[in-house]
Amino acid sequence: MRIVNLIRIASRSLSKNKLRTFLTMLGIIIGVASVIAMLAIGEGSKQNIKASIASLGTNSIMIFPGAVNQGGVRMEAGSSANLKREDSEAILARCPLVEFVSPVVRTGAQIITGSQNWRTIVIGAFTDYFSIRNLNVVSGTYFSATDERAAAKVCLVGQTVSVNLFGEGSDPIGQVMRINRIPFKIIGLLEKKGQNTFGQDQDDIIIAPFSTVQKRMLSTTNINQIIASAVSEEDVDGAKDEITMLLRERHKLAEDVEDDFTVRTQSDISNIFGSISKVLTILLGSIASISLLVGGIGIMNIMLVSVTERTKEIGIRLAVGAKSKDVLMQFMIEAMFISFVGGIIGVGLGTLVSVLVAKFGGWPVAVTIYSIALSFLFAAIIGIFFGWYPARKAARLNPIDALRYE
Amino acid sequence: MEKEKILIEVRNLEKIYRSGEIELHALSGVSLSIEAGEFVAIMGASGSGKSTFMNIIGCLDSPTYGEYYLDGIDVLKLNRDQLAELRNKKIGFIFQSFNILSRTTAIENVELPLLYNNKLNSKERREKAFNALKAVGLGDRPDALPNQLSGGQQQRVAIARALVNEPQVILADEPTGNLDSRTSYEIMEIFQNLNDKGITIVMVTHEADIAMFAISNILFKDGKIIENNSVKNRKSASEELKKNPKADINKMLK
C-alpha cells in the first residue's frame, strides 16, 4: 500500500479516539519537554561557568607552589615556600611563549580611612597582572614599574572597597588610606567585575605593587603564586611545558622526582568545572529520559489495546488482501505519528519552559540544537521501538482467527 | 468464458481441530471441482464443515491435509503475502455478518481492496468503487456510514467491495443469513446478474429456497460431500421479486 494511504488510515483512526491519542501523546510531550528543559538548564549552567572562567583571561597560566612533604607528612597544596620572585623573572626571560608574568602575594588586611574601616584582600603584583587578568581602571591609572621597584605606597581599589570606605559614587582617587597602619595613596579605581562562579566578590580587592606588599607588609621572600599569560590561546599548552621545564631546572629536580609546583592553565580549570556541569547535565537528562521512556511504554500499552480492539478490522483488511507488511506499517505509523507529533509539541513546550525558567527563575538556560535533535530522535526511536511489538502482533494475526474475533 | 475451465479444484481436503486429546474432523476428505461460470450453493447443517470449506477455498484458512488449486495455482504452496495477493485479486469474499468497517463510509469500504493494490491512483480508485456501488444499487449513497444503512444495504456494500477488484470467484458465506426474505431475494438477484456476466459464485446457505437460485447444490454432512446435484426448476430472483411486490409490508402497516 502507498505510504500516503497508510498515513491517511492512521490519522483517521487516531482522530476517532482523540482523547486517548492526546493522553498517549502527553506522555511523549512531557518526556521530550522535560529532556529539553533539563538539558537546557544543565547546558546553561555549563556555559555560565565557562564564561566566568574565561573572564579570568583565556590565556592565563597559574603556577602554585607544591605541597610540603616532610618526613612523610604531606601538607596542603601551596603550603611549600619554594616559589620565588626570581622564578617569575626567569619565566619572563626564558620562556618565549609567555607574554606576561607576575608573582603574586596575597594577604588579608584591615583598611582604615577617616571614620570608616573595612577588611579585604590585598594583592601584590607586577603591572603585568592587570593585563593577565583583564583588569581595567575606570578612573586613575595603573601603578608603574618604577612604583614597583621603589615599593611605592600606592594602590588600586575595587568597587566594593571604594563604596564601603568612601560611599557610593564618590571618587577615591588621590585619597589616602591605611592598610595595616601603612598609608597608601589610591591611584586607580578598578572596573566592576561582579561575582565569580563561586560567589566571590571580585571587586572586594586592593592591588598594590608586588614589592610594596612583600617587603612593607609581609616581610617575606616567598610568594603565593605566579600568574602568567601565553602569547596566544593556542600557545597555552606550549607555555605550560616551557614553564614546567624551566622550574624543574631551577628547582634542581632529578628525573624521578615529582614537580614541587603545580601549573594550571585556564583550560585545565574550565575542564574541571566543565566536567562537573556535564555530570549535572547527564543526571538531569537521564531523569528526564525516564519520563520519556514511561511515555513510550504508554504508547505500547495503548497500541496493544488498539490492536486487540481492532482485531476484527485487521481480519477484514487481511481478507481483502492486506499483506502483513501493510498491517504492520498501519500500526507502526500510528505509533510513530503519536511520538513524532508528541516530539514536536514537546520540543516547543520544552523550549517555552526553558525560556520561562530563564526569565522567572533567573537561572541561565541554553536550548541547543543538539538537545532538540537528541530528544526528538529519542522520541522517534521510542515510537518505533514501542510501536513495533503491537504492530507485529497485529501483522501476525491469522485472517480467519481475526475475523472470528468478537 | 469457457464453460469447461476448472477454476477451483480440491482433493482430499481434511481439516482437523485439536483441543487437548480431542480431535475434531471438520473436513474429512473433500474432493470437488468447480468450473468457471458456475453458481454453487453449499448446504448442510451447522457443524457439517461447509464454512470451514469456504474459508479454505477463500484462502483464509489452510487445510490439515489435501490439495487445492485455484485457477491452476497450487494454493497450499503459497506464503502469507502471496495468499493475500490471491485474496485481493482473484477472490471476493462476502460474509454473513457483512464485515464492513464501521465509521467508514460506503465508498471507502468498497475502496479497501483497491488500497492494497498499488496500480490505481486515488481518482481511479474512487471511480471504480463508485461504479461497483452503482452496480449493487447504492450509487446514491456513497458517503453513508454503515450505521446509517440497513442490513441489506450493508450487505450490498460488502458485495460491491467483493466485486471491485473484478475477481474470478465470489465466495459468500451465508450472505442472506442476517437478512429478511425480501432483501435476501434482492441479494440473490444481484448474484444471478453477476453470474450471468460470467463470475463464478460459491455460496453457503442453509435456506433451501435461497439455494434454488443457484445452478447446482452441494450437501455437506459430517465433513463430507454427500450430494452434488444440479438444481431442477432453478428460480429467477427478479421474477420472484415481481411476484412479491415491495409494497406488501407498507400496505400492511397502513
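Key figures for this structure:
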{"read-out": "Filter result for A:Gly350 (modelled with pLDDT of 90 or more and of a type outside the set (Ser, Thr, Tyr))", "value": "yes"}
{"read-out": "Filter result (of a type in the set (Phe, Trp, Tyr), within 11 Å of A:Phe100 (Cβ to Cβ) and touching a Ser or Thr at 6+ places or on another chain (Cβ under 8 Å)) within region A:121-148", "value": "A:Phe126, A:Tyr129"}
{"read-out": "All strands (runs of 3 or more DSSP E) inside region A:186-278 with 2 or more residues being polar (S, T, N, Q), within 29 Å of the chain's Cα centre (by Cα) and more than 22 Å from A:Arg119 (Cβ to Cβ)", "value": "A:261-265"}
{"read-out": "Exclusive hit being surrounded by fewer than 17 Cβ atoms within 10 Å (Cβ to Cβ) and among the aliphatic types (A, V, I, L, M), set A:Val213, A:Val176", "value": "A:Val176"}
{"read-out": "Extreme residue, farthest from A:Leu397 (Cα to Cα), among residues of region A:285-312 that are of a type in the set (D, E, K, R) and part of a helix (DSSP H, G or I)", "value": "A:Glu309"}
{"read-out": "Residue that is farthest from A:Thr21 (Cα to Cα), among those in region A:359-406 that are within 14 Å of chain B (Cβ to nearest Cβ) and crowded, with 17+ Cβ neighbours inside 10 Å", "value": "A:Ile400"}
{"read-out": "Conditions (1) buried (at least 18 other Cβ atoms within 10 Å of the Cβ); (2) small (Gly, Ala, Ser); (3) at pLDDT 85 or above; number of the one not met by A:Ser15", "value": "(1)"}
{"read-out": "Boolean, A:Arg94 is of a type outside the set (Phe, Trp, Tyr) and within 31 Å of the chain's Cα centre (by Cα)", "value": "no"}
{"read-out": "Boolean, B:Ala144 is away from every other protein chain (no Cβ under 11 Å) and not in a helix (DSSP H, G or I)", "value": "yes"}
{"read-out": "Test: residue in region A:263-279 that is in the same structural domain as A:Ile41 (by TED's automatic domain parsing), under 30 Å from A:Ala40 (Cα atoms), out of contact with any Gly (no Cβ under 7 Å at 6 or more places or on another chain) and at pLDDT 85 or above", "value": "yes"}
{"read-out": "From A:Val327, A:Val307, residue being aliphatic (A, V, I, L, M), out of contact with any strand residue (DSSP E or B) (no Cβ under 9 Å at 6 or more places or on another chain) and more than 10 Å from chain B (Cβ to nearest Cβ)", "value": "A:Val307"}
{"read-out": "Where A:Ile282 falls short, out of the listed (1) buried (at least 17 other Cβ atoms within 10 Å of the Cβ); (2) part of a helix (DSSP H, G or I); (3) modelled with pLDDT under 90", "value": "(1)"}
{"read-out": "Matching option when the condition is crowded, with 23+ Cβ neighbours inside 10 Å, touching a helix residue (DSSP H, G or I) at 6+ places or on another chain (Cβ under 9 Å) and either outside any strand (DSSP E or B) or at pLDDT 90 or above (or both), among B:Ile159, B:Ile190, B:Ile249", "value": "B:Ile159"}
{"read-out": "Matching residues, region B:118-140, being surrounded by 17 or more Cβ atoms within 10 Å (Cβ to Cβ) and of a type outside the set (Lys, Arg)", "value": "B:Ala129, B:Phe130, B:Ala132, B:Leu133, B:Ala135, B:Val136, B:Leu138"}
{"read-out": "Residue that is modelled with the lowest pLDDT [pool: residues in region A:179-211 that are in contact with a helix residue (DSSP H, G or I) (Cβ under 8 Å, 6 or more places away or on another chain) and of a type in the set (S, T, N, Q)]", "value": "A:Thr197"}
{"read-out": "Residue in region A:341-353 that is of a type in the set (Ser, Thr, Tyr) and within 14 Å of another protein chain (Cβ to nearest Cβ) present", "value": "no"}
{"read-out": "Conditions (1) under 26 Å from B:Gly37 (Cα atoms); (2) more than 13 Å from the chain's Cα centre (by Cα); (3) surrounded by fewer than 18 Cβ atoms within 10 Å (Cβ to Cβ); number of the one not met by B:Gly177", "value": "(2)"}
{"read-out": "Residue match in region A:239-249 (condition: touching a residue at least 40 places away in the same chain (Cβ under 8 Å), in the same structural domain as A:Gly343 (by TED's automatic domain parsing) and either in contact with a strand residue (DSSP E or B) (Cβ under 7 Å, 6 or more places away or on another chain) or surrounded by fewer than 13 Cβ atoms within 10 Å (Cβ to Cβ) (or both))", "value": "no"}
{"read-out": "Filter result for A:Ser170 (at pLDDT below 90, surrounded by fewer than 15 Cβ atoms within 10 Å (Cβ to Cβ) and assigned to a strand (DSSP E or B))", "value": "no"}
{"read-out": "Selection from region B:203-239 of residues that are under 14 Å from B:Leu32 (Cβ atoms), in a loop (DSSP other than H, G, I, E, B) and free of Cβ contacts under 8 Å to residues at least 40 places away in the same chain", "value": "none"}
{"read-out": "Filter result for A:Val327 (modelled with pLDDT of 90 or more, in a helix (DSSP H, G or I) and surrounded by 22 or more Cβ atoms within 10 Å (Cβ to Cβ))", "value": "yes"}
{"read-out": "One residue from A:Ile333, A:Ile299 being in the same structural domain as A:Gly387 (by TED's automatic domain parsing) and under 27 Å from A:Ile400 (Cβ atoms)", "value": "A:Ile333"}
{"read-out": "Hits in region A:310-324 (condition: of a type outside the set (Asp, Glu) and facing chain B (nearest Cβ under 10 Å))", "value": "A:Arg310, A:Lys312, A:Gly315, A:Ile316, A:Arg317, A:Leu318, A:Ala319, A:Val320, A:Gly321, A:Ala322, A:Lys323, A:Ser324"}
{"read-out": "Contacts under 6 angstrom Cβ, first residue in region A:267-287 being within 30 Å of A:Ala228 (Cα to Cα), partner part of a helix (DSSP H, G or I), 6 or more apart", "value": "A:Ile269/A:Ile53; A:Ser270/A:Lys50; A:Ser270/A:Ile53; A:Phe273/A:Ile49; A:Ser277/A:Ser45; A:Ser277/A:Lys46; A:Ser277/A:Ile49"}
{"read-out": "Condition check for A:Met300: within 45 Å of the chain's Cα centre (by Cα) and within 14 Å of another protein chain (Cβ to nearest Cβ)", "value": "no"}
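Listed here are the residues, each with its yes/no results for (1) crowded, with 23+ Cβ neighbours inside 10 Å; (2) modelled with pLDDT under 90; (3) outside the structural domain of A:Ile205 (by TED's automatic domain parsing).
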{"site": "A:Thr58", "(1), (2), (3)": "no, yes, yes"}
{"site": "A:Met62", "(1), (2), (3)": "no, yes, yes"}
{"site": "A:Arg85", "(1), (2), (3)": "no, yes, no"}
{"site": "A:Ser102", "(1), (2), (3)": "yes, no, no"}
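Okay, residues lined up against (1) within 14 Å of another protein chain (Cβ to nearest Cβ); (2) farther than 21 Å from B:Ile57 by Cα:
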{"residue": "B:Gln153", "(1), (2)": "no, yes"}
{"residue": "B:Val157", "(1), (2)": "yes, yes"}
{"residue": "B:Gly177", "(1), (2)": "no, no"}
{"residue": "B:Arg182", "(1), (2)": "no, yes"}
{"residue": "B:Lys197", "(1), (2)": "no, yes"}
{"residue": "B:Phe213", "(1), (2)": "no, yes"}
{"residue": "B:Leu219", "(1), (2)": "no, no"}
{"residue": "B:Gly223", "(1), (2)": "no, no"}
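The values are calculated or read from the model by the stated rules, or taken from the named source; none is laboratory data. Quantities reported herein were computed from a predicted structural model and do not represent experimental measurements. When we count neighbours, we look across all protein chains shown, and the Cβ atoms used for this are built from the backbone with ideal geometry, even at glycine.
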